[in-house]
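Trainee: Below you will find the structure I want to go over with you.
Just so you know, all these numbers are worked out from the coordinates, no wet-lab data involved. Only a predicted model underlies this, so the values are computations on that prediction, with no experimental measurement involved. All Cβ positions, even for glycine, are placed from backbone atoms using ideal geometry, and neighbour counts span all protein chains on display.
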């Protein structure tokens, strides 16, 4: 599902899963009694191993939210396609996990003209789609007129350019001390990552352009050490829904 690799992945590579990295991440969080929000792609819940893992995560206090049904970029989807991506993901979460997802994050923070209304019609309370990056080929542009609560990714500025402080590839590339230094100035922030950010056993995918391969693989082998250092900081980590209930409902 990684967009940098998707066009180049052959059928022989599609059998690989980063589920072991996902389990390791949950162990790291549970050992520190940290509750997270797990934005899951709905089609994964067609596999028993993911259903079992997510049920266990729920028992540990983690939140489950939607990351669409098939991880399709929202930019060019029609109203019908957008609706299916949302409604089918919410249905399978409820059917397999017995919970109602209140949050939604689009693949690669993408968006379109239909998405917000579709989410509102399906009782989604919040999104986490706000990300600011001056030089990026996929991110949507944060809207200032959202009807939904949005929990955005923090960013910093260099002259007239803006970049995410942390999360995903930004987390892997930037030094942890530097990220923490900027984040200490924030009253709150959203941190995000993918299981494959930590998966050192990913198969080699041929014919990937250099820059896309760099973005996907840079410092994956260092990620676990970095997340342990990151989580040893002074911050308190809670789920997105807890943050909204504690800070935003009634004030938005």
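Trainee: Quick one: if you stick a label point 7 Å off each Cα along the C-beta vector at residue 236 and residue 51, how many nm between them?
Mentor: Going by the 7 Å Cα→Cβ label model, 3.7 nm.
Trainee: Could you order the peptides 44-52, 57-65 from most to least packed, using the average number of other C-beta atoms within 10 Å per residue?
Mentor: Highest-to-lowest ranking by the protection proxy: 57-65, 44-52.
Trainee: Can you give me the Cα centroid spacing of the stretch 17-82 and the stretch 145-166 in angstrom?
Mentor: Answer, in whole Å: 23.
Trainee: Based on other C-beta atoms within 10 Å, arrange 100, 132, 87 from fewest to most.
Mentor: Neighbour counts put them in this order, fewest first: 100, 87, 132.
Trainee: Let me ask something else about it. Does a label point 7 Å from the Cα of residue 177, set along Cα-to-beta-carbon, have any residues of the stretch 196-239 with amide nitrogen under 15 Å, and which are they?
Mentor: 226, 229-230, 233
Trainee: How many Å³ per residue does the convex hull of the Cα positions in the stretch 97-221 occupy?
Mentor: Dividing the Cα hull volume of the stretch 97-221 by its residues yields 163 Å³.
Trainee: A further question follows. Quickly estimate the mean residue ellipticity at 222 nm for the chain, helices only: each DSSP H run with n ≥ 4 gives -39500 (n - 2.57), and the total goes over all residues, rounded to 500.
Mentor: -10500 deg cm²/dmol
Trainee: Quick one: plug the Kirkwood hydrodynamic radius of the chain (C-alpha pairs) into Stokes-Einstein at 10 °C, 1.306 mPa s, and report D in µm²/s.
Mentor: In µm²/s, the coefficient is 84.
Trainee: Still on this structure: Please give the length that would be gained between residue 32 and residue 19 if that part of the chain were fully extended, namely 0.36 nm times their separation in residues minus their C-alpha to C-alpha distance (nm, one decimal).
Mentor: Stretched fully, the residue 32-residue 19 segment lengthens by 2.7 nm.
Trainee: Report for the chain the percent antiparallel among DSSP-assigned beta bridges with both residues inside it, nearest 5.
Mentor: 30 percent
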